[in-house]
1. Which one of L299, L304 is in contact (Cβ under 8 Å) with a residue 60 or more places away in the chain and open to solvent by less than 60 Å² (accessible area, probe 1.4 Å)?
2. Looking only at the range 8-29, count how many residues are open to solvent by less than 90 Å² (accessible area, probe 1.4 Å) and either of a type in the set (S, T, Y) or assigned to a loop (DSSP other than H, G, I, E, B) (or both).
3. Please work out which residue is least open to solvent (accessible area, probe 1.4 Å), limiting yourself to the range 348-369 and to residues that are farther than 25 Å from S279 by Cα and within 18 Å of the chain's Cα centre (by Cα).
4. Just to be sure, is V259 in a loop (DSSP other than H, G, I, E, B), closer than 28 Å to M404 by Cβ and either assigned by the TED database to the domain that holds M184 or touching a Ser or Thr at 6+ places or on another chain (Cβ under 9 Å) (or both)?
5. Restricting to the range 387-416, count the residues that are modelled with pLDDT of 90 or more and open to solvent by 40 Å² or more (accessible area, probe 1.4 Å).
6. Among V143, V155, which is part of a helix (DSSP H, G or I), at pLDDT 90 or above, under 16 Å from the mean Cα position of the chain (by Cα) and surrounded by fewer than 24 Cβ atoms within 10 Å (Cβ to Cβ)?
7. Go through (1) more than 20 Å from the chain's Cα centre (by Cα); (2) outside any helix (DSSP H, G or I) for L165 and report which single condition fails.
Amino acid sequence: CSVKHEYKGEWSEKTRLTTCDPQAKRAVTSSESPQEVEETREIIFTYDVEFQESDVKWAYRWDTYLLMADDQIHWFSIVNSLMTVLFLSGMVAMIMLRTLYRDISKYNQLETQEEAQEETGWKLVHGDVFRAPANSDLLCVYVGTGVQFFGMILVTMIFALLGFLSPSNRGGLMTAMLLLWVFMGLFAGYSSVRLYKLFKGTEWKKITLKTAFMFPATIFSIFFVLNALIWGQKSSGAVPFGTMIALVLLWFGISVPLVFIGSHIGIQKPTIQDPVKTSKIPRQIPEQAWYMNPTFSILIGGILPFGAVFFELFFILTSIWLHRFYYIFGFLFIVFVILIVTCAEITIVLCYFQLCSEDYRWWWRSYLTSGSSALYLFLYAAFYFFTKLDITKPVSGVLYFGYMLIVSYSFFVLTGTIGFYACFRFTRLIYSSVKIE
């Protein structure tokens, strides 16, 4: 309300208003003279605070801000993703229970040499299917990094699901993720060296160094450039230089040693034995149908994993870029499980078709098939930028696409590793089930 406040003497920080004095128990009433506003007239602004006792318990104080008005949409997205998973599971079940069972029975019943020579399908490439791929070192590094990322996400989700990461502790989620990333370096070194040893590699220390530095250095470089842009704008949102130094110390002081410890443990373990022997001369790959073209099948494979997280991705982007809370980790955990299953199943299905086409180069393709979902994530982020956000400054646009590039790259490493391990288990399972003369 408008009140013409009055006071005695000269104005200072300790001046008391005669129109509103709590010690004299004088309160403002509606009968007070209103304040006239003129160019040279003094205006005094006041406010009152009244505290009222609430029945809400301390543990539930954030519930008002975290109420979900759109939980129906979340449930719809979950059901949509589950339908995708059920469809894929049906395909995988058909391949595993009917086609594969029939194939294995037929292969194991072949009696004569002539029958064995006339065999077709995935058994033909048994002498090449476990041959080390091109750029196997790089694959080992990416698989190790993916295991590190998977461990970080999984443990973070579980902690958030159990309520350990409260929205009242700002930055708690990011701090937890960074610390978990550092400590998961142990599993990164172990996984990359175990795979490297399978490929009969000897320079395990070089692989360990690449695992410890390649992915973090790429992310840190992009982040440093983006942070420099924020510094240039003199924004308070920039990460302080001291914090950047602390991140580097965490990386070099804890993560790198843990990667080496994990690698040392991995190199001591016995080499994983292939279920079939690899021939000395590589088999010639026949001409493939257009739909089995590597680029086409890889791009097709990424659609379903992206579709599984599409709806939830919209809410996450809205929370990040439109400054809203996102703490519905129950839904997010379900979507994460659906993503794992979808990545595994679509990669297994496409891998089976590829082996039946007598193309044994499945190592990289299994990684890229599910990993290509990151491309669709980045394209959707660009679509979201132009349709939902009202960003006009060039620096803000660069920041958006820079951060989304980091997210997409991380998503590529995560989903690619899930698809790779699914195919790894699948191929070893089917080739250990047939008799090879």
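1. Numbers: L299 fails: open to solvent by less than 60 Å² (accessible area, probe 1.4 Å).
Of the residues listed, the single one that is in contact (Cβ under 8 Å) with a residue 60 or more places away in the chain and open to solvent by less than 60 Å² (accessible area, probe 1.4 Å) is L304.
2. Result for the range 8-29: 10.
3. T369
4. On the way: in a loop (DSSP other than H, G, I, E, B): no; closer than 28 Å to M404 by Cβ: yes; either assigned by the TED database to the domain that holds M184 or touching a Ser or Thr at 6+ places or on another chain (Cβ under 9 Å) (or both): yes.
Against the criterion (in a loop (DSSP other than H, G, I, E, B), closer than 28 Å to M404 by Cβ and either assigned by the TED database to the domain that holds M184 or touching a Ser or Thr at 6+ places or on another chain (Cβ under 9 Å) (or both)), V259 does not qualify.
5. Going through the range 387-416 one residue at a time, the tally reaches 7.
6. Just one listed residue meets the conditions, V155.
7. Unmet for L165, out of (1) more than 20 Å from the chain's Cα centre (by Cα); (2) outside any helix (DSSP H, G or I): (1).
So that you can scan it fast, the table gives a plain yes or no per residue for (1) in a helix (DSSP H, G or I); (2) in contact with a Ser or Thr (Cβ under 9 Å, 6 or more places away or on another chain); (3) closer than 22 Å to L165 by Cα; (4) not small (G, A, S):
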site	(1), (2), (3), (4)
A308	yes, yes, no, no
L317	yes, no, yes, yes
I348	yes, yes, no, yes
Q354	yes, yes, no, yes
E358	no, yes, no, yes
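The values are calculated or read from the model by the stated rules, or taken from the named source; none is laboratory data. Please read all numbers here as calculations on a predicted model, not as lab measurements. Reconstructed Cβ throughout: ideal geometry from the backbone, glycine too, with neighbour counts over all protein chains shown. Each accessible area value is taken on the protein alone, full model and side chains, heavy atoms only, with ligands, DNA and RNA left out. Shrake-Rupley method; radii C 1.70, N 1.55, O 1.52, S 1.80 Å.
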